[in-house]
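Each remark here refers to the structure printed beneath this line.
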Amino acid sequence: MHQWTANAVKELVDQRLGDASLFVVSNREPYLHEMDGTGLRWTRPASGLVTALDPILQATGGTWIAHGAGGADRKAVDVDGRVMVPPDDPRYTLRRVWLTREEEQGYYYGYANETLWPLCHIAYIRPTFRPRDWEHYRSVNERFCQTVLEELSGPAAVWIHDYHLTLVPRLLRSRRPDITLAHFWHIPWPAPEVFRICPWKRELLDGLLANDLLGFHIRYHCDNFLDTVARELEARVDRERSSVTYRGHTTLVRPFPISVDAEHIEAAAGSEAVAREMVRLRERYGLVHERIALGFDRFDYTKGIPDRLLAVDRFLTLHPEWAGRFLFVQAGIPSRTRISAYRSLGRRIQRAVHRINRRHAARGRAPVLLLDEQLSQAGILALYRIADCLMVTSLHDGMNLVAKEYVAARRDGDGTLLLSEFTGAARELPQALLVNPYDVAGTADTLALALAMPAAERQRRMSRLRERVHEWNIYRWAGEMLGALLVTRQGRAAG
Ligand code: G6P
């Protein structure tokens with residue numbers, strides 16, 4: 001099997017793009033600038049999208065257009081809003097789009113994250129539909145489109161990302177019919193029954209169908225999308241080719257399972273810095289238990305953290321012999337805290353942790369550690385290496401890259417992955433212990449199984465998981481999607 005590398009993606013783009021330039025457009029930017037006591041500082045946001053795309057742009061070069069959300073972002077750019085990144089090793093251009101606080105509220109917190117996010121994830125949080133948010137969403141999509149147009153000079157391939165920017169493809173297409181457009185949707189696409197409640201469903205579909213290529217993580221999401229289009233629009237849906245022809249334009253709809261830079265993670269996990277972090281974390285938090293399980297998430301209600309804690313609680317109730325010998329560490333990153341559903345999630349998690357710790361403390365040891373330290377990359381890799389078991393119990397997740405990072409970091413070939421069947425990753429990683437997070441009893445039993453699993457069985461499973469993550473790495477995802485995009489581009493040029 002041909003192993004995809006950064007170089008292979010770069011060659012593909014160089015060969016096939018010809019004189020055209022490559023643009024990536026997303027809401028979230030790969031690098032944020034903030035001011036602290038020592039001056040201008042940069043950080044990387046917690047985002048699956050950023051984790052996946054930054055190594056690609058580092059390899060291919062090009063321009064990434066995104067919202068400048070960092071407190072000191074304006075201080076780091078030139079007069080045109082551009083800055084070269086990564087800041088410590090510049091490889092590509094980041095062009096920032098500025099939004100007012102009110103626009104950010106309506107477009108990002110409101111429409112993207114209180115309408116589309118709960119609409120597309122089945123987590124039983126009701127989406128809100130505020131006309132005012134929609135107005136902001138429309139005008140901010142227009143702003144992104146204008147910024148892309150400012151950056152374009154000649155022929156171009158524009159690769160748009162996610163649910164924040166559904167209207168951008170149509171807006172761009174109407175001004176620049178010649179450019180090649182692809183869109184990758186990083187979250188699930190729901191069944192037509194779910195999507196149909198959205199008052200702006202036709203505008204959203206119309207926007208996306210201006211793309212030449214539309215990618216989802218898995219075939220199931222592609223099929224949901226095709227079913228939705230068939231239900232909502234006068235369009236020709238070709239199931240054999242997996243394409244839609246609408247307003248005289250054909251969009252190919254394809255699955256591209258996103259992944260991680262497995263080789264890089266594996267190498268970094270073996271570094272001195274990670275070894276030092278393992279020692280520090282063990283000492284600082286007393287991580288000396290016989291078995292340690294880990295949850296590591298952006299704090300989002302789709303990740304099923306309260307359900308995971310219920311399962312830990314039940315496991316300890318059914319297996320008191322583990323009290324004092326077992327520790328569950330929940331680490332994570334606060335997210336979208338201006339939205340009340342996210343704030344109440346934080347409170348729910350804290351209450352659950354206190355309850356479990358009161359109930360099951362033994363030998364002076366609490367069974368759950370809520371780790372609120374902001375971890376460095378080395379710290380996260382150290383936790384992956386310390387954890388005997390990673391628990392990913394999302395109620396619904398497009399892919400879940402934490403599961404793949406854990407596998408890539410386990411260079412010792414050991415460790416157990418407990419994985420929700422409602423993640424995209426579950427389709428690719430059947431050797432994980434699959435769970436239904438709504439089934440607390442089943443998840444608790446699976447945790448017991450994971451902790452008692454003989455080493456040979458753990459290693460057999462982990463070795464298959466590692467093969468998959470190495471073979472289907474992030475460069476393969478990008479190579480396949482960009483390859484398909486560039487084929488449609490050649491088709492357009494020939495036509
Ligand atoms: C998901 C979305 C990304 C987003 C990330 C973090 O992975 O698909 O588009 O960047 O969550 O969320 P945030 O709202 O902080 O960008």
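No lab work stands behind these numbers, since they all come straight from the coordinates. What you are looking at is a predicted structure, and each value in this text was computed from that prediction instead of being measured.
Working from Cα positions, state the angle (0 to 90°, nearest 10) between the long axis of helix 377-386 and the longest principal axis of the chain.
Taking Cα atoms only, the helix is inclined about 40 degrees.
Starting from the exponent 0.38 and prefactor 2.2 Å, build the expected Rg for region 391-495 from its residue count and divide its actual Cα Rg by it.
Normalised Cα radius of gyration, region 391-495: 1.34.
Per residue of region 463-468, in order, report the coupling 6.51 cos²θ - 1.76 cosθ + 1.60 (Karplus, θ = phi - 60°) as ³J(HN,Hα) in whole Hz, putting x for Gly and Pro.
5, 5, 4, 5, 4, 4
Please list, in order along region 167-173, the HN-Hα scalar couplings obtained from phi with the Karplus expression 6.51 cos²θ - 1.76 cosθ + 1.60 (θ = phi - 60°), rounded to whole Hz, x for Gly and Pro.
8, 4, x, 5, 4, 5, 4
Where the centre of each part is set by its Cα atoms, how far does region 186-218 sit from region 22-79, in angstrom?
Cα centroid of region 186-218 versus Cα centroid of region 22-79: 27 Å apart.
Using only Cα atoms and rounding to the nearest 10 degrees, what angle (0 to 90) does helix 219-232 make with the longest principal axis of the chain?
So the inclination is approximately 50 degrees.
Take the alpha carbon atoms of region 354-425, find their center, do the same for region 427-450, and report the distance between the two centers in whole angstrom.
14 Å
Under 29 Å Cα-Cα from Lys404, which lysines qualify once same-chain neighbours fewer than 8 residues away are excluded?
Lys404 reaches Lys10, Lys303.
In whole Å, how far is the Cα centre of region 106-176 from that of region 260-312?
33 Å
Aspartates and glutamates within cross-link reach of Lys75: Cα-Cα under 17 Å, excluding same-chain residues under 8 positions apart?
Glu29, Glu34, Asp36, Asp88
Which of the aspartates and glutamates could a cross-linker bridge to Lys201, judged by Cα under 19 Å and excluding same-chain residues fewer than eight apart?
List returned: Glu114, Asp133, Glu135, Glu142, Asp162, Glu193, Asp223, Asp227, Glu232, Glu234.
From the phi angles alone, apply the Karplus equation (6.51, -1.76, 1.60; θ = phi - 60°) to region 26-39 and give each ³J(HN,Hα) in whole Hz, x where the residue is Gly or Pro.
Each residue of region 26-39 in turn: 8, 5, 7, 8, x, 9, 10, 10, 9, 9, 10, x, 8, x Hz.
Residues with amide H under 5 Å of Arg298's amide H, sequence separation 5 or more or different chain, H placed in the peptide plane at 1.01 Å from N; which?
Those lying under 5 Å, H to H, from Arg298 are Ile333.
Mind listing the long-range amide H neighbours of Ile65? Cut-off is under 5 Å, sequence gap 5 or more, other chains count too, H placed in the peptide plane at 1.01 Å from N.
Amide H to amide H, under 5 Å and 5 or more residues apart or across chains, Ile65 pairs with Val24, Val25, Ser26, Arg95.
Taking amide H positions as placed in the peptide plane 1.01 Å from N, state which residues far from Leu434 in sequence (5 or more) or on other chains have amide H under 5 Å from it.
Amide H to amide H, under 5 Å and 5 or more residues apart or across chains, Leu434 pairs with Leu419.
Once the mean 1/r over all distinct Cα pairs of region 262-471 is inverted, what Kirkwood radius in angstroms do you read off?
Result for region 262-471 stands at 17.1 Å.
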